[in-house]
Amino acid sequence: MSLTSVIITGGTRGLGLGLARRFLEKGCTVTLCGTTARSVKKALGELEAFSGRVYGVEADVTKRADVELLLDTAVGNAGRADIWVNNAGNSHETAKVWELDGEVIENVLQVNMLGVVNGTVVPFLAMQKQGSGKIFNMEGLGSDGFIMDGMSVYGTSKSALRYFTRAFAHEAKDSSVQIGSLSPGMVVTDLLLETLHGDSPESKKKRSFYNIMADDVETVSAFLCEKMLASTAHSPRIQWLTKPKILFRMLFAPFMRRDLFA
């Protein structure tokens, strides 16, 4: 019996790298991609203990040919593609839309939107032919309509991602391929840390909030990995920070002594 073949875009750092480690610990084969050869090499070095079951590709998810190369690499090494995670994403500094450089806006929208379209269509066509497969798109701030000043462009991209995932799943309802989404909540990664600026009053307020609502990569990646492997629904939405969890943390915030930034 062949090992489960998992592909993770943006798998060289943060939650993507955490997911790669968790899937490898579960005995899966993992193929990840990053935007530079250096980042891929670094990630593979961190996963050295799993040598022989983890592979890396330099790829730009906004280019269909690069995504096809990622797929071909996974299939060439593992024989098939079972789970595909569209984790690659870009953010921007906390600033009003009109304060952002045009190239920054374009990059965020292309990676977070076009990258997900490419990363859904390419594996879907391959999984249709093999008769099964799971594709999961990573949600983020804005997916549920929440507005945070200074994060409008990023939030817009994630709101569009959620619509696209639901719409694609609806169009593919007669296929044997699962099209789902992952809602990790707030995770302490580089993207989250970029919203903090020194010891300004606003940053202190954000740190206090994050210490209540955020979680580390290890915790969230373990949960998401388990749920993806076990998922049988056609259009699953796997959510870590649920409303009951949020309510519980808000109620017990005065008694919590968490410091995720120590």
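Please treat every number below as a calculation from the coordinates, not as lab data. Predicted, not measured: the structure shown is a model, and the values here were computed from it. Here the Cβ is made from the backbone with ideal geometry for all residues, glycine too, and neighbour counts use every protein chain on show.
Across segment 151-164, coupling constants 3J(HN,Hα) worked out from phi with the 6.51/-1.76/1.60 Karplus curve, θ = phi - 60°, read 10, 5, 5, 4, x, 4, 5, 6, 5, 5, 4, 5, 4, 4 Hz, and Gly and Pro carry x.
When the P(r) is computed for segment 163-262, the part past 15 Å accounts for 69% of the Cα-Cα pairs.
Quick one: if the Förster radius is 30 Å, what FRET efficiency do His170 and Glu99 give, using the C-beta to C-beta distance and rounding to 0.05? After rounding to 0.05, the efficiency reads 0.25. For Ile135, the residues 5 or more places off, or on other chains, whose built amide H falls under 5 Å of its own are Trp84, Gln178, Ile179, Gly180. Distance check, please: which entries in Lys41/Lys227; Lys63/Lys134; Lys42/Lys96 exceed 23 angstrom between their Cα atoms? In this structure, Lys41/Lys227; Lys42/Lys96 lie more than 23 Å apart at Cα. Put simply, segment 50-174 fits an ellipsoid with semi-axes of 29, 17, 11 Å; these come from the alpha carbon gyration tensor as the roots of five times its eigenvalues, largest first.
How much of the DSSP bridge set in the chain is antiparallel, in percent, rounded to the nearest 5?
Values: 0 of 28 bridges.
Counting only bridges with both partners in the chain, antiparallel ones make up about 0 percent.
Here segment 47-66 is scanned for amide nitrogen atoms under 15 Å from the site 7 Å beyond the Cα of Thr36 along Cα-to-Cβ, giving 58-60. For segment 65-121, the relative contact order works out to 38 percent when only alpha carbon pairs closer than 8 Å and six or more residues apart are counted.
P(r) for segment 127-222, from all Cα pairs and a bin width of 5 Å, is 2, 12, 17, 20, 17, 12, 9, 5, 3, 2, 1 %, short bins first. Each principal axis of segment 124-179 carries a Cα extent, and these read 44, 15, 12 Å when sorted largest first.
The alpha carbons of the chain give a radius of gyration and a Dmax of 18.1, 56 Å, in that order. Here the relative contact order of the chain, from alpha carbon pairs under 8 Å that lie six or more residues apart, stands at 17 percent.
Please compute the length gained on full extension between Asp72 and Glu106, using 0.36 nm multiplied by the number of residues separating them and subtracting their Cα-Cα distance. Don't skip to the answer; put the middle values down first.
On the way: separation 34, 0.36 × 34 = 12.24 nm, distance 2.79 nm.
Using 0.36 nm per residue and subtracting the Cα-Cα distance, I get 9.4 nm.
Within the chain, the longest run free of trypsin sites (Lys or Arg not before Pro) that sit in a DSSP loop with at most 16 other Cβ atoms within 10 Å is 174-256. Loop-located GluC sites (Glu not before Pro) across segment 169-262 with a Cβ neighbour count of 14 or fewer within 10 Å are Glu194, with loop assigned by DSSP. Sorted into 10 angstrom bins from 0, the C-alpha pair distances of segment 1-88 split as 20, 59, 20, 1 percent.
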